[in-house]
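Comments concern the structure below.
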Amino acid sequence: MVKAVGVCPLPYWFKMPFPNNFQWGVATASYQIEGAPYKVGGGRSVWDMFCERPGAINDNSNGDVACDHYNRYKEDCAMMKELGVPNYRLSISWPRVIPNGVGSIDPKGLAFYDQLLDELLENGVQPHVTLFHWDFPYELYLKGGWLNRDSVEWFADYTQIIVDKLSDRVASWMTLNEPQCFVGLGLQSALHAPGDKLNFKEVLLAGHHAMMAHGRAVQVIRARSSKPSRVGWAPVGAPCIPVSESEADIAAARQATFCTPWKTVWSNAWWNDPVFFGKYPEAESAVFGSDVPEPKAGDMELICQPLDFYGANIYNGQMIKADADTGKPVEVPHHLGIGRTVYHWPVTPDALYWGARFFHERYGKPIVITENGIGLSDWVALDGKVHDPQRIDFLTRYIGGLERAINEGIDVEGYFQWSLMDNFEWYEGYRFRFGLVHVNYQTQERIPKDSAYWYRDLIASNGALLRG
């Protein structure tokens, strides 16, 4: 066992239990489960626009109905209670609350989240709220979206409305979910809404404004929350994994995790160094050159607001070894035949361990795994049940890696499985299923899968089920 920085590892034969206050939970996102706000008096989002583009969604579907959570939230909250889920990470749909993104509030939209939080608490489930999970208001996109510097205050005004209404019942807040995705996939590769292909300079400028919006949102939460609030954010966590536990390979994997040597938004340091250190990373800045945003006075101070935890959405990691001569990181291809999800993502269980370790080492904050799960193509069997042994195996392996991090003294506060239920999976539509609960999209029947009951028992044992 390799010693983590500042950590005194326990003997290999001793296993610490998960902390008594460990946050076991599940996660969803508004556009993926609720149904479209504009159908019931709210506004349109860029995803409503994007889904109308021919060929944008692989099965030509949209989020107009999705899982109909807007009408079935009481049933879904009761289902979480039945499955023993104590924590639920949800997101708010900005255009459901403010149809035009700014200005008038839709009372029905805000009331939905007000009632949802009450229903969760009545069922013994603590709400953890993400303010932005990609459904940017269409009307504000027409005004430039994240390219418009005014987006910082648009987001702050929206945050204030949500905090003033809901903060008395929120366990924790996350500002933005995966900026690498809504900026990179949405504004550079056009795989996600709004489906633009901007120059890298403009992509980074949009990201700069999004990070400023994050900072303003933190300020608003701190100033206006009606009870002390834990605040973080949830970027993509893309850890690198050493091929061996030699000091050289670990150092190379750590370097590769935080140093991206080409022009890409898929960087951990580019997004997190400004948020935690108040500056863009020097290595990426040198590579990005003249495309790097020129912050105005106060921008970086605004971005760098105190946070209580580091949220990380982790699904897999890249293997890395140290070059024998230079010690520099070298990517190692995954072995032939490695297990893969239906997304073709490699199954790399050590990603949670190394992600938690490297992110905690660098940023010094408690780690919350805000998303982790597997997309499969499971279905209802002839016995009326949904058998998904691969998901159970996947979660056992990945959460086992997280347990190792805790055993080594790394401060890990929680784990939110993605996702509570099958849902609209962005440009893949409804082709892939990430849920613990199967959804029949024709009838909206919910059927907990085998994995849902396994996860219920894991939670009840506070992780001891991993050890048999």
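Numbers for the structure displayed
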{"item": "Point-to-point label distance, residue 20-residue 108, nm (Cα→Cβ direction, 7 Å offset)", "result": "4.7"}
{"item": "Extension gain (nm, one decimal) between residue 160 and residue 336, 0.36 nm per residue minus Cα-Cα", "result": "58.3 nm"}
{"item": "Förster radius 22 Å - calculated FRET efficiency between residue 286 and residue 361 (Cβ-Cβ, nearest 0.05)", "result": "0.45"}
{"item": "Stretch gain in nm, segment residue 301-residue 118, where the contour uses 0.36 nm per residue and the Cα spacing is subtracted", "result": "62.3 nm"}
{"item": "For 367, 33, 57, order by how many other beta-carbon atoms lie within 10 Å, fewest first", "result": "57, 33, 367"}
{"item": "Share antiparallel - DSSP beta bridges, the stretch 23-467, percent rounded to 5", "result": "25"}
{"item": "Read-out mean projected area of the Cα convex hull in nm², derived from the coordinates shown; its label in [x] 26.7; [y] 18.2; [z] 21.8", "result": "[z]"}
{"item": "Low-density loop positions, chymotrypsin sites (Phe, Trp or Tyr not before Pro), the stretch 212-308 - DSSP coil, at most 14 other Cβ in 10 Å", "result": "262, 266"}
{"item": "The chain - charge dipole about Cα centre, Lys and Arg +1 at Cβ, Asp and Glu -1, debye rounded to 20", "result": "400"}
{"item": "FRET efficiency, residue 245 to residue 377 (Cβ-Cβ, R0 41 Å, nearest 0.05)", "result": "0.75"}
{"item": "Qualifying lysines (Cα of each under 23 Å from Cα of residue 321; at least 8 residues distant if same chain)", "result": "3, 263"}
{"item": "Estimated inter-spin distance, residue 227 and residue 308, nm [label 7 Å along Cα→Cβ]", "result": "1.0"}
{"item": "Reachable aspartates and glutamates, given that their alpha-carbon falls under 14 Å from the alpha-carbon of residue 81 and they are not under 8 places away in the same chain", "result": "118, 119, 122, 457"}
{"item": "The stretch 141-153 - phi-based ³J(HN,Hα) in whole Hz, Karplus 6.51/-1.76/1.60, Gly and Pro as x", "result": "4, 5, 9, x, x, 5, 6, 8, 4, 5, 4, 4, 7"}
{"item": "Computed over the chain: relative contact order in percent, which uses C-alpha pairs under 8 Å that are six or more apart", "result": "18"}
{"item": "Proxy reagent accessibility, fewest Cβ within 10 Å first, across 65, 439", "result": "65, 439"}
{"item": "Separation in nanometres of the label points that stand 7 Å from Cα toward Cβ, at residue 279 and residue 72", "result": "5.2"}
{"item": "For the stretch 168-180, 3J(HN,Hα) per residue [Karplus equation, 6.51 cos²θ - 1.76 cosθ + 1.60, θ = phi - 60°, Hz, x = Gly/Pro]", "result": "5, 10, 9, 6, 7, 10, 10, 7, 10, 9, 6, x, 4"}
{"item": "Loop sites in the stretch 202-250: GluC sites (Glu not before Pro), DSSP, at most 15 other Cβ within 10 Å", "result": "245"}
{"item": "Potential extension, residue 465-residue 52 segment - 0.36 nm per residue separation minus Cα distance", "result": "144.2 nm"}
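Every read-out reported here was derived from the displayed coordinates using simple, explicitly stated rules and does not represent laboratory data. Everything quoted here is computed from the prediction, not taken from an experiment. Glycine gets a Cβ as well: all are built from the backbone with ideal geometry, and neighbour counts include every protein chain shown.
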